[in-house]
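Read the figures in this text as sums done on the coordinates, not as results from a lab. No experiment lies behind these values; they were computed from the predicted model shown. Reconstructed Cβ throughout: ideal geometry from the backbone, glycine too, with neighbour counts over all protein chains shown.
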Protein chains: 2
Amino acid sequence: MAKKLNLKTAAVEKSSHLEYFKIAVSVDCVIFGYEDKELKVLLIKSDLKEFAGLYSLLGDLVRPDEDLNEASYRVLKERTDLDDVFLQQVHTFGAVHRHPSGRVISTAYYSLVNINSHKLKIDNNDLHWHPVKNIQKLAFDHKEILDTCLEHLRGKIEEYPVAHNLLDEKFSLRALQELYEAIMNEPLDRRNFRKKITLKNWLIDLNEMEENVPHRPGKLYKFRPRLMKSRK
Amino acid sequence: MAKKLNLKTAAVEKSSHLEYFKIAVSVDCVIFGYEDKELKVLLIKSDLKEFAGLYSLLGDLVRPDEDLNEASYRVLKERTDLDDVFLQQVHTFGAVHRHPSGRVISTAYYSLVNINSHKLKIDNNDLHWHPVKNIQKLAFDHKEILDTCLEHLRGKIEEYPVAHNLLDEKFSLRALQELYEAIMNEPLDRRNFRKKITLKNWLIDLNEMEENVPHRPGKLYKFRPRLMKSRK
DNA sequence: TCAAAAGTGTTGCGCCTACACCCATGA
DNA sequence: TCATGGGTGTAGGCGCAACACTTTTGA
């Protein structure tokens, strides 16, 4: 009974805090792809005058009736038409002046997609895959977001079989190693890499060989299907 | 020149998206403490009718002119009067209906504080330290937030010397081990624990002994000062 | 036959776990 | 002298890094 004193309904609480509903929430997606032995990220030309000439990550405001995670899937789907992909939340960036349009707090996600398996929905915004290594500056705090996500990705691929999202279904161990080298940005020892991967037991030997290569063909592998839970 | 076509100022962009500024952003702080060989968390009685009788984490809406991280420091300061503490962002929870007052997206932080080194600012909301082990249910999605933060803490203390935030300045190795056992929720081998800690070189031997213990006194240690960067 | 990459093992090191005994102190 | 915890070392296993030679294929 005495406890009743301080209780208020949610509706009452909301009305007393209306002035706080002035912050927009967005998601920014670091969409990684892999092509020509390079890790790439999907960028778009910023359409803000303040960032004229700079590229930015793909992002959008979260809709009032949309889960935060769903918003990141929507962004991805809108741009790549993919909807069953690896996508992971990493960090939320909330500096007051990070966005010139007003107060926008943004949750960063990264995603791994196969560049060959989809067509970009290219509009007139210069959407393109950009090699991660060359990126010096992006609009907003997107360079920091990119760096943070790349750091997370580096930790992730050591422990989880997520690399299949970036590759075609069949691949040689060399191709897989080149992918790892591109992500880690360092050369790896071939024998040790093969041992480590074998030990993890992520791969299935397809008993097929590379074809049309100008050298001794390598065996082809694929990732074990049960490991490939997308959307998480 | 041609590029000018699609550019718009930030002000224009904001006006075209006003309907999205309807989501509130909050921070929820999992404030961990350590007392009586138990890991505890600071809880408050929920003041929402929808959650009558349940406890919740400490949180607050982020102010329009306040950095996200600063909001979490403010919440901590308001409740514990501490302002130079370990605080780390973990995850952002954004389900549509996670808050009955409306659309509130919440970024979760956890913090490590010394229960003895401050006085709680206790108001009439039944603010108290609650053993983590006994918690079954909390208001909102706060149980999930707690679990997520605890999992992160477990990883953190293995790699970083953050435990000093929970202990008094001087402590015995046994006390440190008991803290680790409380956090990991499992017994640890004494010899192996000491070896591991010694190897990490986090501690300074104070050449002092425990006093007033009913058994052989142990040596006292403290954490190396340079390691103790608070606020990350 | 050459160029290019495939494929393969061993050694040493550091870290981890499991495990048992004697020592110092206060009651 | 007893109860309580302090303090210590070793052995086996595992993962990791460093490192070189032979084989297969296409050109």
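Got the relative contact order for chain A handy, in percent, Cα pairs under 8 Å and 6 or more residues apart?
Working: 354 pairs, mean separation 50.1, N = 232.
Computed over chain A, the figure is 22 percent.
Can you give me the long-range amide H partners of B:Glu35? Hydrogens built in the peptide plane at 1.01 Å from N, cutoff under 5 Å, separation of 5 or more residues or another chain.
B:Lys40
Note the distances from B:Pro131 to each other copy's matching label point, with points 7 Å along the Cα-to-beta-carbon direction, in nm, sorted shortest first.
Ordered by increasing distance: 5.9 nm.
When chain A is turned about an axis onto chain B, which of its residues keeps its C-beta closest to that axis, and how many Å is it?
It is A:Thr92, 2, counting Cβ atoms only.
Taking amide hydrogens as modeled 1.01 Å from N in the peptide plane, which residues meet the under 5 Å criterion relative to B:Glu66, leaving out close sequence neighbours?
The list, which skips near neighbours in sequence, is empty: none.
If the only charges are +1 at each Lys and Arg Cβ and -1 at each Asp and Glu Cβ, what is the size of the charge dipole of segment B:138-186 around the Cα centre, to the nearest 20 debye?
On the way: 5 positive and 11 negative charges, 32 e Å.
Once rounded to the nearest 20, the dipole reads 160 debye.
Can you list the distances in nanometres, one decimal and ascending, from the A:Asp36 label point to the identical position in each other copy, with the point 7 Å along Cα to Cβ?
Nearest to farthest, the other copies are at 6.6 nm.
Sum -39500 (n - 2.57) across every DSSP H segment of at least 4 residues in chain B, then divide by the residue count to get the 222 nm mean residue ellipticity, nearest 500.
Numbers: 5 runs with 60 residues, N = 232.
Theoretical 222 nm ellipticity from helices: -8000 deg cm²/dmol.
Using the structure shown, select from A:Lys156/A:Lys200; A:Lys133/A:Lys219; A:Lys195/A:Lys222; B:Lys40/B:Lys200; A:Lys156/A:Lys219; A:Lys40/A:Lys77 the pairs with a Cα to Cα distance greater than 21 angstrom.
Result: A:Lys133/A:Lys219; B:Lys40/B:Lys200; A:Lys156/A:Lys219 exceed 21 Å.
What distance in nm separates the two pseudo spin-label positions at B:Leu199 and B:Glu78, each 7 Å out from Cα along the beta-carbon direction?
Once both label points are built, they end up 4.5 nm from each other.
Give the share of C-alpha pairs in each 10 angstrom bin for segment A:51-103, from 0 to the last occupied bin, in whole percents, shortest bins first.
Bins of 10 Å from zero give 19, 46, 31, 3 percent of pairs.
Expressed as a whole percent, how much of the Cα-Cα distance distribution for segment B:163-227 exceeds 16 Å?
On the way: 977 of 2080 pairs.
Counting every Cα pair in segment B:163-227, those more than 16 Å apart make up 47 percent.
Per residue of B:98-111, what is the mean number of Cβ atoms on other protein chains within 10 angstrom of that residue's Cβ? Show your work: numbers first, answer last.
Details: counts 2, 3, 5, 10, 9, 8, 4, 8, 2, 5, 1, 0, 0, 0.
Other-chain Cβ atoms within 10 Å of each residue's Cβ, averaged: 4.
Considering all alpha-carbon pairs of segment A:24-159, what whole percent are spaced by more than 19 angstrom? Each step should come with its number before you reach the end.
Numbers: 4324 of 9180 pairs.
So the portion of pairs separated by more than 19 Å is 47 percent.
Of all the C-alpha pairs in segment A:96-172, what % are more than 21 Å from each other?
46 percent
Hey, what's the Kirkwood Rh for the protein assembly as shown if you take every pair of different alpha carbons, in angstrom? Before the final figure, lay out each step's value.
Numbers: mean 1/r = 0.0399 Å⁻¹.
Value: 25.0 Å, from the Cα pair sum.
Please report, to two decimal places, log10 I(q)/I(0) for chain A at q = 0.14 Å⁻¹ as given by the Debye formula with identical point scatterers on the Cα atoms and no solvent.
Reported log10 I(q)/I(0), two decimals: -0.93.
Within the set A:Lys22/B:Lys137; B:Lys45/B:Lys137; B:Lys49/B:Lys143, which residue pairs have Cα atoms separated by over 20 Å?
A:Lys22/B:Lys137
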